[in-house]
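For reference, the structure is listed below as structure tokens.
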Amino acid sequence: MDERGAGGPGERQGRAGSHATREGLARSLARTVPLASALGAALGSALAALVVHALSLAVPLAPVLVTWAGIGAAIAGALAVRRATRRFDAVARFLEMRIAATSSQARREQDATRRERKLAADLARKTEELEARLRERALLFEVLRESASSHDLDSVLRALVDRLGPALRFREVAVLIQQGERLAIRAAWGFTDPSTVLGRTIRVGEGLSGEAAAKGESVVVPDVAAAPEYLAFWGEVPRTGSFMSVPIQVKGAMIGVLALTRPPTDPLTEEETRYVEALADQVALAIHNAQLFEELEARSTHDALTGIANRRLFEERLAKALADSRRFGHAVSLLAIDVDHFKKLNDRCGHPAGDAVLVEVARVLARGVREVDTVARVGGEEFLVVLAGADEHEAAKVGDKLRAAVAAIELPGTKDQPLGRLSISVGVAKAREGETAEALVARADSALYDAKRKGRNRVSTWPPPSA
């Protein structure tokens, strides 16, 4: 046989080595990739069957077929590796997709968590704002309720500052009521001693509160330390923090000013200033209603011409003075006063001149007694004065002081009076134990008539000291 066909020993060894190498690669691939090993084994089996068939046919191509069988096995293994690699790539892509999906889900969950937290924060803020609005409405309701339940202006103002201060975290609160060209503090809260500012006045246009009254507009100062026009309530409060002064108006008419301070650590906000301005409108109505009632009550208890107490208020004050006298044991005296020859002055000079005399006499009498005493006009030119804690001797001295003060009045027609000047006659009576108000008034009138009988322009006591 041809040596090339049969193959020499060296060639056979080379083929055997190549075959061993291929089988080693196949076994390595089979160990590395089980699937590739299985596929290679199947292909090798098919090729082996082909070789056996060729040998049975005594074909001299058996060695070639054996070589191709090894190559086929290698190719099958490579194909198996490729398929396995593709599957690994598919698995890797699947895992990447799963990881991406998981990351996307995590981001969605994080976004959802952030949205939930934001919604919770927004809800908390809205809840706090709602609670603040409810507190503000409650404050408005309390102010309106107080104004409806109490017709005393000072009570309304005290209730206002007592509620407004704590509810809106103010440091000091004051209400100034306009009186002509001045503003007077009628209610105060938050001061170390409110009495140091109550009743004090400023001019319209003076300081920040006066500026608000003059302009009819709110004045807001974030830092009063930088505002030299800030009066600091005459130095009664620190010159620190923020300040707001809001005019109190009804139908464009100025009633007063609401003055408020905040500490530096809690400055006024824009929203709070708007609320205080809205509150000032309700405060204005409350004050206006109280003032109207006060005016109506004054008309029912005070003389329309002179402004002093009328008979109704006089009777109330005298009854109280007698009750206190019985309870505490102190004296009470009464002065009955009449303007001498008033009818002649009225007929000679006319009613306007007579009214002017009555107004001036009332003013002099009111200024000549204490605040605890009561001066009342009870009809025409007749006046009654209740002197608490005074006996008949002290009362007589007061009566003579009043007589002298009236004699000094100079008005048109007074010098033409029969006595050459304006004069009054005064009767004095001290309340007796258990005596009624009517009996006391009757005795004071008797003393007055006694003074007139004796020539007028004098003071008499009833019963007379000798009686």
Worksheet entry | Surrounding net charge for Val220, when Lys and Arg each add one and Asp and Glu each subtract one, Cβ distance under 12 Å | -4
Worksheet entry | Rounded to the nearest 20 debye, dipole of segment 352-445 from Cβ charges on Lys, Arg, Asp, Glu | 280 debye
Worksheet item: If you take all C-alpha pairs in segment 174-247, what percent of them are over 16 Å apart?
Response: 46 percent
Worksheet entry | Given charges at Cβ of Lys, Arg, Asp, Glu: segment 357-467 dipole, positive-most of Ile424, Gly434, Ala376 | Ile424
Worksheet item: Any idea what the dipole of segment 164-258 comes to, in debye rounded to 20, about its Cα centre with Lys/Arg Cβ at +1 and Asp/Glu Cβ at -1?
Response: 220 debye
Worksheet entry | For segment 345-429: relative contact order, % (alpha-carbon pairs under 8 angstrom, 6 or more apart) | 28 percent
Worksheet item: Measuring from label point to label point, each 7 Å out along Cα→Cβ, what is the Arg86 to Ala124 span in nm?
Response: 5.8 nm
Fill in: Whole-percent carbon and sulfur share, accessible surface of segment 197-278, 1.4 Å
52 percent
Discussion item. Which order do the peptides 310-323, 224-237 come out in when sorted by mean C-beta neighbours inside 10 angstrom, highest first?
Written reply: 310-323, 224-237
Worksheet item: So how do Tyr449, Tyr275 rank on accessible area, 1.4 Å probe, biggest first, that is with the largest at the start?
Response: Tyr449, Tyr275
Item to complete: Would you mind putting 453-464, 332-343 in packing order, based on average other-beta-carbon counts within 10 Å, highest first?
Response: 332-343, 453-464
Discussion item. What does DSSP give for segment 362-467 in terms of the percent of beta bridges that are antiparallel, rounded to the nearest 5?
Written reply: 60 percent
Worksheet item: Given charges of +1 on the Cβ of Lys and Arg and -1 on the Cβ of Asp and Glu, with all other atoms neutral, how large is the dipole of segment 311-388 about its Cα centre, in debye to the nearest 20?
Response: 200 debye
Discussion item. Would you report the distance distribution of C-alpha pairs in segment 294-348 as whole percents per 5 angstrom bin, up to the bin with the largest distance?
Written reply: 4, 15, 16, 17, 16, 15, 10, 4, 2, 0
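The values are calculated or read from the model by the stated rules, or taken from the named source; none is laboratory data. Keep in mind the model is a prediction, meaning the values are calculated, not measured. Note: ideal-geometry Cβ built from the backbone for every residue, glycine included; neighbour counts use all protein chains shown. Heads up: the accessible areas ignore ligands, DNA and RNA and are worked out on the full protein's heavy atoms, side chains in. Shrake-Rupley method; radii C 1.70, N 1.55, O 1.52, S 1.80 Å.
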